[in-house]
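What follows is a set of notes on a single structure, which appears directly below.
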Amino acid sequence: MTQKQISISIWFEEEKKHKTFIAPRTNAKTLYEAFELDEKATEAENAKELVKSMDERIKFIVRVFQNQFTFDQFREGFQSFEIANAVRKVMLEIMGIKVAETQEEKDFLPDMKA
């Protein structure tokens, strides 16, 4: 079976260019951790929990890509409206779910409870 490549393109401001990174082979342990982090993200009920969940998933992605880039490089490499989709795309790819390129972007912030 051919290994599916998980890749991400990150903007580096100081170099004024995108760099593309390919994750090494992922295993079932990585899959399980992705499912757990994804479940936590769906349970977030306020902005503080959303930020914590996003940070946890970004740290996980950095580890999956074996530190080819840093946490800060990831956060700085996307515009504010892009980062949630970038995180979601990588998480879904780890879980074996293909993301349609034409998928309409959804707001990553759910309706907050008053």
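The values are calculated or read from the model by the stated rules, or taken from the named source; none is laboratory data. Here the structure is a predicted model, which is why all the values come from computation and not from measurement. Because the Cβ atoms are built from the backbone with ideal geometry, glycine has one as well, and the counts that use them run over all protein chains shown. The protein model used for the area step is the full one, side chains on, heavy atoms only, and it has no ligands, DNA or RNA in it. Shrake-Rupley method; radii C 1.70, N 1.55, O 1.52, S 1.80 Å.
Odds and ends about this structure:
- Enumeration of residues in segment 12-60 that are within 15 Å of F71 (Cβ to Cβ) and either in contact with an Asp or Glu (Cβ under 9 Å, 6 or more places away or on another chain) or hydroxyl-bearing (S, T, Y) (or both): F12, L37, S53, R57, F60
- Of the residues M95, M112, the single one that is surrounded by fewer than 15 Cβ atoms within 10 Å (Cβ to Cβ) and at pLDDT 75 or above is M95.
- Residue check for F78: more than 17 Å from M95 (Cβ to Cβ) and assigned to a loop (DSSP other than H, G, I, E, B): yes
- Looking across segment 34-53, the residues that are under 13 Å from the mean Cα position of the chain (by Cα) and either under 16 Å from I94 (Cα atoms) or among the charged types (D, E, K, R) (or both) come down to A34, F35, L37, D38, A41.
- Candidates are the residues of segment 1-33 that are part of a loop (DSSP other than H, G, I, E, B), closer than 15 Å to R63 by Cα and among the polar types (S, T, N, Q); the one that is least open to solvent (accessible area, probe 1.4 Å) is T26.
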